[in-house]
Amino acid sequence: MGTGTWDRPLDGVAQVPWEELLAGSEDATANGIEMIRALTAIAAGDEVYGNCERIGDMLTPDADFRYSEWGQDFGYGRAAPAVVGFLARIAASHTDDHTTTTCIEWIENLVNTPIEPVGATDEDVDAHVDAIRSALLDNRAALREAARRLPEFRPVVDRLIAEAGAGAYEPRWRGVARPFAASHATDVGLVDAGRPLVVGLHTYGATDFHDPGTGTVVVSSPEWWRESTVWPLDDPAGPMLVTGKPRRVWRHRDGAWSARYLGHPLRSLTVVAVDDGEILIRYARNVLARLDARTGARIGPEVPLPWGREVHTQSWHPYRSGGRRFVLVGLNHNEKALRIDLDEGVVDGPPLVNPGRFLTSFELDGRTVLVFAADGAMLRVDAESGEGAGDPIEVPRFTAWRESACVYRQGDRPMLAVASGRRILRFDARTGAEAGPPMLGHRREVIAVRAAVIGGRPTLFSVDYGTIRRWDAVTGVPWPAPISDAEVG
């Protein structure tokens, strides 16, 4: 328990160096007397929400914060950890449900806002994260007492305690680990361009190819077509991309980009997906076709799509099962999903109803398992039968975008890595059991996690709108920290 007791939740409030901690507030009236007055009023149940708002104003520094997180573009200053402790003890001690509810909601708000003011050093941000972590862990008994009284807040309290420390590398990695690259990428992947290259995909098509060993940008996409969806492709001759608008295949050779039309320039078609050297296109007459990305030649049969143009196709996701190629098509905001056998040119089985958002797939015991996101959990579904393939895997603070989860293999076992707020979690794909502690280091919400094999080891790359970070998937060690024999074993 922190300083003070639940029946005296404000013990020690006068000893906090409020004037020092509130220096730099954008609120010119912020001072220790005002902070103590507001906390005392909250403890008495007097205008609780208004006084929490007043505290929030005083805690807001006169600074810009880097990047938005969970829809917010501001953060709180150095006094926030101390306030977290007092609010936790007030929440535990108070008999008024409104006061307890408001205190817990404000603790969550103080903990989960952006933490990187412009100009702050790594040491500044680490210190803020450590102080928040200590405030949560020192007062976990108070938080759990509040959750006992109001059980609906138990998931919130459990999440706050579990996520304590998110936003900074573990102390043993500080000064050793660092971001793989500074980047505003929203997705990341690995391609074979004659040598492995890490691809950072940005909003509206900007694309950077990074050296996987150093993070250095080797080549970037041309400026003039950076208003398009982009798919990178393997090509041993060099970097290669497909763009939806303009509808072209691009190759980087001898220091320059060149392009050719994808299909006939006057024929109406839409690129819907790219997978392993094949481009899936949808013609205006509602037919799906496959093209070889390198030659433009047609592959396999066309597939008449069994729905009208008025049906909204939410997503297209290629996958493989038993050596055959499929694409999973989400319809009408994922109310249902159809599996199309691309090799046979037919719809494969009945639709999946309300499956959620498709994330990834993996092979297990000779069958394919599809992974979806729904209701804050990952759902595993047998691709052939449509039946569940295990209990839901709960993921706190799950963004549930397709890019936010991936599969890697640890020996012969399929594993899942998934973004969870500022953390990356790992699970055994078969059992759903956690596979090691959370990976910490991202300063902002992780929006994409992708897997690759580098130097013979499964490796994860993750992005957060500001950085790409690299991790050893098995040990969780952040790049470029060395992996010891003990950790590997």
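Values quoted throughout were computed directly from the atomic coordinates according to the rules given, and no laboratory measurement underlies them. Keep in mind that what you see is a predicted model, and the values were worked out from it rather than measured. Every residue, glycine among them, receives a Cβ derived from its backbone with ideal geometry; neighbour counts consider all protein chains shown.
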*In degrees between 0 and 90, to the nearest 10, how far off the longest principal axis of the chain does helix 80-93 point, with axes built from Cα atoms?*
70
*Relative contact order of the range 13-165, pairs being alpha-carbon contacts under 8 Å that are 6 or more residues apart, as %*: 22
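Counting each DSSP H run of 4 or more residues in the chain as -39500 (n - 2.57), what helix-only mean residue ellipticity at 222 nm follows after dividing by all residues, to the nearest 500 deg cm²/dmol? The partial results should precede the final answer.
Details: 9 runs with 98 residues, N = 489.
The per-residue figure over the chain is -6000 deg cm²/dmol.
Per residue Cα convex hull volume for the range 13-165, in cubic angstrom? Working shown, then result.
On the way: hull volume 16.1 nm³, N = 153.
Given the Cα convex hull of the range 13-165, per-residue volume reads 105 Å³.
Trypsin sites (Lys or Arg not before Pro), restricted to the range 272-306: which are DSSP loop and have at most 12 other Cβ atoms within 10 Å?
Details: sites: R282, R285, R290, R294, R298; in loops: R285, R294.
For trypsin sites (Lys or Arg not before Pro) across the range 272-306 that sit outside H, G, I, E and B with at most 12 neighbouring Cβ atoms in 10 Å, the list reads R285.
Is the C-alpha gyration tensor of the chain telling us rounded, prolate or oblate? Criteria: a/c under 1.5 is rounded; beyond that, a/b larger than b/c is prolate, otherwise oblate.
Numbers: a/c = 2.15, a/b = 1.84, b/c = 1.16.
Prolate.
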*Alpha-carbon centroid distance for the pair the range 152-218 / the range 1-63, whole angstrom*: 35
*Where in the chain lies the longest segment free of GluC sites (Glu not before Pro) that are both loop residues by DSSP (not H, G, I, E, B) and have at most 15 other Cβ atoms within 10 Å?*
48-226
*Once the Cα atoms of helix 48-59 and of the chain are each reduced to a long axis, what angle between those two axes, in degrees from 0 to 90 to the nearest 10, is obtained?*
80
*To the nearest 10 degrees, how steep is helix 97-112 against the longest Cα principal axis of the chain, on a 0 to 90 scale?*
60
_Normalised contact order of the chain, rounded percent, pairs of Cα under 8 Å and 6 or more residues apart_ = 10
